[in-house]
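Shown next, in structure tokens, is the structure this report addresses.
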Amino acid sequence: MTAEGEIIHFDNVGLRYGTEREVLSDLTFTLYAGRFYFLTGASGAGKTSLLKLLYLAQRPSRGAVRMFGNDAITLSRASLPALRRRIGVVFQDFRLVPHLSAFDNVALPLRVAGHGEKDIAGPVRDILEWVGLSERIDAVPATLSGGEQQRIAIARAVIGRPAVLVADEPTGNVDPEMALKLLRLFEMLNRQGTTVVVATHDLDLLRKVPDSLIMRLERGRLADPTGALRHPPARRT
Amino acid sequence: MSRDGTTRRERRLGPSMLHGMRRLGGGGAELIPQGRMSGPMPWVIAIMVALTAIALAAGLSIGNAVSAAKAEIEGGVTIQIIEPREDTRDRQTREVAKAVQQLPGVSGLRIVPREELDSLIEPWLGSGIAEATGSAIPVPALIDVRLATGATPQRVETIRAAARKVTEAARVDAQSSWLRPVFEAMVSLQILAIALVALLTLALAAAVLLAARSALGANRDVIEIVHLLGGTDKQVARVFQRSIGFDAAGGGAVGLALALVVIVLLARRFEGLGAGLVDNGALVWSDWLLLALVPILATLLAMITARFTVLHALRKML
Ligand SMILES: Nc1ncnc2c1ncn2[C@@H]1O[C@H](COP(=O)(O)OP(=O)(O)OP(=O)(O)O)[C@@H](O)[C@H]1O
Ligand SMILES: [Mg+2]
């Protein structure tokens, strides 16, 4: 039974790496379409691990996960790519392809999705301009600063207009001004219907998105002090 | 702009025969860095293709010689009249020839002339014997019989019976029985050549498998990124497949050229021998066509091997 507007649902999910203790335990929550979520928690609390489950880089050790109406646990390998294309990811460590230019890195999701070159050049240049990297369009990642690489990573995550945007510390390497600008980009996408999940330490950031919902991880467990996750308040319009 | 970007990158990397092949789904970006898959691979393939083509040429050539000689010899029966008195021998020879000629299935018959027989034994006995001893050596008379179809034991038996009716001095042999050991040796060589081709094929597949695996390992991070961006195993496999296919095509062309040089030189050497069996081994146009197919098949084999290696390895990734 899928609740209305539900896009991702976790039920009693646990994750352990190898035979170690669980790094995530008893996670039960629902993400609703079109919402803006912040995921906070101390370093090592399990934010990246939870995001990995969201962007299907990892399967949980226990529990049930439903994504876009599919059972993500029993999903066959062959049907993963189609789901992944609906999720844009900004990795904490960027994960740019080292030998590809900024342009080609950002174009990668479109090429993977089979778009023709003439449909790629325009949007890629637009988004690179938006993140202020028009001049570095031919630069390879090694020649870019940390903040510039992060912006390339963000451009790559949003270029395919994903249904869900998952960003792991997307403002960790940029100055406050750029951080705010990137947040505005996320908000803009969110207003156009993209569900956004941003993991961050930066509590200032949280206050800047008034409608956002906050998920707090404490040693692998989800704290929902306000109950907003289970019963999200109606959106302000 | 993508065009601009690509040209700029091209200039940086310099002209490369591999350029442009490492693309994802016909897009613009080389997903595997240039040069990763090249290195020794084209040369390994060149050597394999050269050896395969040479072994194949040898096999085909031996095959041609065997089947040409076979057709000639299988239909042949030799009758010897072993009789020391020359006049009796000549008379008996003519009578046997006449009797055998009328048998069904005999398409041709020739009494080998005296001079030809002399020249046949001359290399062994020299030509001065008749003068030295005052009498010619009693060489048996020879009748060369051609049969329309193969010299089956029954046919040979019929001829033998007919000849024996004329004289007990007649000895009848199918020519194939004389040459059987030579045939068997040639057929063994042919089998050896085929086995070599098979082994080289296996070795090529193994080399590609190893190359594909190491390329996979070297590009693991990139593959993971492509997967997480929604890339399919087939898209990833295609990139590797093309890359190896291009290496194989280049290496194969070089290998074939090398093999052709060797084959032509060897053929010249054998031509010089002027021996009947070897002359029949010349390659015909369909053989050359088969040789030209070697690098093409090697390229296909390399691509298929790469594809399956990559797809198999990717199945273990999430
Ligand atoms: N691949 C892994 N293998 C084993 N343990 C891991 C692995 N990845 C993470 N962990 C462990 O899981 C726990 C949670 O890590 P995670 O990266 O999810 O934390 P985080 O909240 O993202 O931290 P940070 O804010 O520093 O990025 C940590 O104790 C970490 O050591
Ligand atoms: Mg983290």
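Side notes on the structure shown:
- Coordinate range along principal axes, alpha carbons of the range B:180-250, Å, largest first: 68, 20, 18
- Each of A:118, A:47, B:234 was scored by other Cβ atoms within 10 Å of its Cβ. Listed from fewest to most, they are A:118, B:234, A:47.
- Calculated FRET efficiency, residue A:201 to residue A:145, Cβ-Cβ distance, R0 = 25 Å: about 0.75 to the nearest 0.05.
- Packing-based exposure ordering (other Cβ within 10 Å, fewest first) of B:240, B:246: B:246, B:240
- In straight-distance terms, cross-link reach from residue B:316 covers every one of the lysines whose alpha-carbon lies under 21 Å from its own, apart from those fewer than eight places away in the same chain; here that gives A:52, B:234.
- Low-density loop cleavage sites - trypsin sites (Lys or Arg not before Pro) in the range A:175-225, where at most 14 other Cβ are within 10 Å (DSSP): A:208, A:219
- With all pairs of separate Cα atoms included, the protein assembly as shown yields a Kirkwood hydrodynamic radius of 30.3 Å.
- Extending 7 Å from Cα along the Cβ direction at residue B:300 and again at residue B:82 yields two label points whose distance is 5.7 nm.
- Here residue B:318 and residue A:64 are evaluated by their C-beta separation; at R0 = 25 Å the FRET efficiency comes out at 0.90.
- Partner lysines whose Cα lies under 19 Å from the Cα of residue A:181, excluding those fewer than 8 positions away in the same chain, are identified as A:208.
- Karplus (6.51, -1.76, 1.60) ³J(HN,Hα), θ = phi - 60°, over the range A:82-96, in Hz, Gly and Pro reported as x: 4, 5, 5, 5, 8, 10, x, 10, 10, 6, 4, 9, 6, 6, 7
- Database remark: amide H of residue A:63 closer than 5 angstrom to the amide H of A:14 (H placed geometrically; neighbours at sequence offset of 5 or more, or on other chains; Pro and chain starts carry no H).
- Inter-site label distance for residue B:95 and residue A:184 at 7 Å from Cα along Cβ, in nm: 12.5
- Rounded to the nearest angstrom and listed largest first, the equivalent-ellipsoid semi-axes of the range B:198-318 from its Cα gyration tensor are 42, 11, 11.
- For a label point 7 Å along the Cα-to-beta-carbon line of residue A:21, residues of the range A:38-79 with backbone N under 15 Å: A:44-46
- Take the Cβ atoms of residue A:192 and residue B:288, set R0 to 51 Å, and the FRET efficiency comes out at 0.20.
Rule-based calculations on the coordinates, nothing more; no lab input. Values in this document were obtained by computation on a predicted structure and should not be read as measured data. Here the Cβ is made from the backbone with ideal geometry for all residues, glycine too, and neighbour counts use every protein chain on show.
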